[in-house]
Structures are given as structure tokens and as C-alpha cells.
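Undergrad: Once you've had a glance at the structure underneath, I'll fire off some questions.
Derivation of every value follows stated rules applied to the coordinates shown; laboratory data play no part. The structure presented is a predicted model; accordingly, all values stated were derived computationally and were not measured. Positions of Cβ are generated from backbone atoms using ideal geometry, with glycine treated the same way; all protein chains shown enter the neighbour counts.
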Amino acid sequence: MTVEQARTVLAEVTDPEIPVITIEDLGILRDVQVGADGVVVTITPTYSGCPAMQEIEADVRSALQRAGADRVEVRTVLSPAWTTDWMSDAGRRTLEEFGIAPPLRTRSGPVPVQLGPLRPACPQCASRDTEELTRFSSTSCKAMWRCGTCREPFDHFKDH
Amino acid sequence: MNDTALDTDLLAYTLRLGDDCLVLGQRLSEWAARSPQLEEDVALLNIALDLLGAARTLLTRAGELEGKGRDEDGLAFLRDEPAFTCGLLFEAEGGDFGQTMARQLLVSAYQLPLWQALTASSDELLAGVAGKAAKEAAYHLDHARSWVVRLGDGTEESHRRVQQGLEEVWPYSFELFERDDVVARLVERGVASDPDLLRPVWETTVTEVLKEATLEVPQTTWHPTGGRSGKHLTSFGYLLAEMQHLHRSHPGARW
């Protein structure tokens, strides 16, 4: 198996808790190597206590083995620490379509001008009249917000 | 100093950091389904999860340094009280919500600069853990700050209770900045963060928040200590009983 082939296989592996986004688009797939030791995949957790890491490791392993890799090693690294800057533009769009407001920082171009603190747009109706309910949500990487226009609550993937 | 001595110090220091995180994570988990709001259940358990994540990596590393084949579970579930080296502030009972928030303020205002300093540690694993934990501690501090201000500058009753909670946990904060031989040697070697440098940062943060919250800085000459050498509060045994019971009753169980 070549690095290209391994990457193609891994492009299908999604986050177990937000299954619309791939681990590559989320920015937690850090490296793929193919050598004498088989396929070596390096991943990094979003947050220290992310309970999905073991499942992600198992998913990576089984996806590569199904595709014919004999030996797979999954390494978890903490440093450099994951940041939402590593999330791809495709990943951001996917999250928004799924109903999760993506992180505010964009890697290219300026952020939209707003008065007061930056607020995510409502993923349902695009209104900027939104308020934070709590910094924390169903997973470590998200915060709970509510839209003042359509009144729908929504998750916001925190800048980190 | 030879390598063996370094490992002993590094083991002790890594274990302290891991025990602090593990034990506070357990304390915060006690709020599950008991918080004043659903959002606070979620928030406190998220914070607990961050702490547990750091604890797992630190305890795994401590097990490797120790070299006796103990993994994270072995260290978390099969040690008795005197072998734990968490600081008293981390194990102290949460009391009511006001007291828990007062403790969260004191802890987070300590952990944020601690982790920030440790990102420059000469120990690669500590620096890695710290890099992630510093970002998370910033959230924890924001959370604690907003609640302490809201309660302190809230009603007469909320003010009274958070002040009372603060008085309860305050004496345990002095232990955080103790500089024993282990810490002193590791500071020298660029492994540990220097408590003398952390203390003023902590004081500035805490004093500012308390002022905004219209709360008084507690005055006490009682500076209890002992957590780092395994002398714990009475309540610690109850915490361990709850945390360890399942693992000890069903060794090796899986689901």
C-alpha cells in the first residue's frame, strides 16, 4: 500500500461523535507514512479528554486493514496541540450544513466586521443575532448557542 | 545528579500533576445531574473530562517512569490514600455550588499559568500535556470567573454563600505554592514551573475577580498542608471508595 492509497482510505474515516466530518477535515489526522513497519498513522486529540480517540484509532486500523494493509500502527501525539486552524474549508462547510456553526477564525481572509464580540451565525437561518448559552456542550469541542431570530438552539464548534 | 535521581523527582512531580487532575475530575463529576442548571451539568462534566484526559496521560507516564508495570488504571484505582499526592485544594469537598465555583476559581487561576509555564518544560511529555491543558484551563478560568462574579455580585444570599465557600477552600491554596526539594530540583533543571513565579500571577487574577465579585479576600493564618506527602483530608477516603469501588470489586472487568 502506498501513502496515496492509505490517504484515500483514511479520507473516508469520520469522527465518531460528529460523523459528517472526516478526521482529515477536522485536522486530527497529522501524518501518514508507509515503510517497512507497515502503515504508520499519526493522530492528535482535539481536547485532552476526548473519549473518541480509541474509537478513531480502531476505525483507522480497520479501514486500512479492510483495504489490504498488513500492518497498521496508530500513534497519538499531543504536540503540537490541535487547533481549529487545522480544520479544512471543506470541513467548515460540512459542519455548517449539518447544523453546527463552524469556528469563527478563517485561515484566509478577514473575519466579518461586527460590533462587540464575535458571534457565530445561526446555521439554520444565518442570523447574527445569536447568544451563547454555555461555553460547554455535548462534546468538549462545542459550545451551546441560541438564535435570537429563529429561536433555535445550535452547537458552535469552538475556536481553539 | 544521575539519571536515576532525575527519574524519581520526575515521577513524583508527574504523579502530583496527574493526581491533582484525577481527583478534581472526580470531585466535579459529583455534580452530574445535581447542578443548578442543565448547562452546568454539561459544563462541570466537560471540565472534569478535560482534567481526566490530562490525568490519564500523566498517570500513564508516571507508571512508565516507575517501571513496576502499573498502568493508568493501576495507579488510579489500586493505590491507597497515603500513596496519592494530590494537593488538598483538589480533593476538598465541593460543598454547595458557590463553594465549588470558588474552588474552581482558585484552581483554574493556578492551573492556567502552571500549564503555560510547563509548555516550556524540558520534559517533552509534560510540555505536550501542558500545551493542550493550557488552552482548556483558559475556558475553565472564564467559567469560574463568570460564576464567582455572578454569585458574589448577585443576591444577598448568593453573596453570603460564595463568600462562605471561599473561606472554606482558601486555606488549601497555600499548599499549591510550596517549594519542596522535588520542585526545587526540577525547577533548577527546567522541568517544573517555579511556584515563586506562579504565586503573584495567581494572586493578581484571584484578587481582580474577587474585587469585581464584591467578595472579600479571606484572612487566615491556617495553612494546612500534607497532600503532597500523602496526608489527606478525612473526606478523601470517601472519594476514593466511590472512585475505586467498581474496579476493585470487579478486577479486570470490561464492557
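Undergrad: What are the semi-axes of the equivalent ellipsoid for chain B, taken as the square roots of 5 times the Cα gyration tensor eigenvalues, largest first, in whole Å?
TA: Taking √(5λ) for each Cα gyration eigenvalue gives 29, 22, 16 Å.
Undergrad: Then there's this: Span-like helices, chain B: DSSP H, alpha-carbon axial extent 15 Å or more, mean Kyte-Doolittle -0.5 or greater, which ones?
TA: Numbers: long enough: B:3-29 (38 Å, 0.21); B:38-66 (41 Å, 0.56); B:97-118 (30 Å, 0.41); B:124-152 (40 Å, 0.09); B:156-169 (20 Å, -1.59); B:195-212 (25 Å, -0.26); B:234-249 (23 Å, -0.25).
Taking the DSSP H segments of chain B (at least 15 Å long, mean hydropathy at least -0.5), we get B:3-29, B:38-66, B:97-118, B:124-152, B:195-212, B:234-249.
Undergrad: Let me ask something else about it. How shielded is B:54-67 by partner chains, expressed as the average number of their Cβ atoms within 10 Å of its Cβ atoms?
TA: That average works out to 1.
Undergrad: Also, I was wondering about something else. When the helix-only estimate is applied to chain A (DSSP H runs of n ≥ 4, each -39,500 (n - 2.57), divided by the residue count), what is the mean residue ellipticity at 222 nm, nearest 500 deg cm²/dmol?
TA: Here the helix-only value at 222 nm equals -6500 deg cm²/dmol.
Undergrad: Still on this structure: Could you pull out every Cys in chain A that lacks a partner Cys with its beta carbon under 4.7 Å away?
TA: So far as the 4.7 Å Cβ criterion goes, A:Cys50, A:Cys141 stand without a partner in chain A.
Undergrad: Using every Cα-Cα pair within the protein assembly as shown, state what percent have a distance larger than 32 Å. Don't skip to the answer; put the middle values down first.
TA: Numbers: 35204 of 85905 pairs.
Every Cα pair in the protein assembly as shown considered, those over 32 Å come to 41 percent.
Undergrad: Moving to a separate point now. Taking B:Lys211 as the anchor, which aspartates and glutamates have their alpha carbon closer than 17 Å to its alpha carbon, excluding any fewer than eight residues away along the same chain?
TA: Partners found: B:Asp142, B:Asp153, B:Glu156, B:Glu167, B:Glu203.
Undergrad: Mind pulling the per residue volume of the convex hull built on the Cα atoms of the stretch A:3-76? Å³ is fine. Intermediate results must be reported in sequence, preceding the final value.
TA: Details: hull volume 5.6 nm³, N = 74.
Enclosed volume per residue, from the Cα hull, is 75 Å³.
Undergrad: Moving on. Using a/c under 1.5 as the rounded threshold, could you call the stretch B:113-255 rounded, prolate or oblate? The axes a ≥ b ≥ c are square roots of the C-alpha gyration tensor eigenvalues, and prolate needs a/b larger than b/c, oblate otherwise.
TA: oblate
Undergrad: Mind checking which of B:Ala102, B:Gly154, B:Leu166 is farthest towards the positive end of the protein assembly as shown's charge dipole, using Cβ charges of +1 (Lys, Arg) and -1 (Asp, Glu) about the Cα centre?
TA: B:Gly154
Undergrad: How large is the direction-averaged shadow of the alpha-carbon convex hull of chain A, in nm²? Don't jump to the answer; show the numbers that get you there.
TA: Details: hull surface 39.6 nm².
Projected over every direction and averaged, the Cα hull of chain A covers 9.9 nm².
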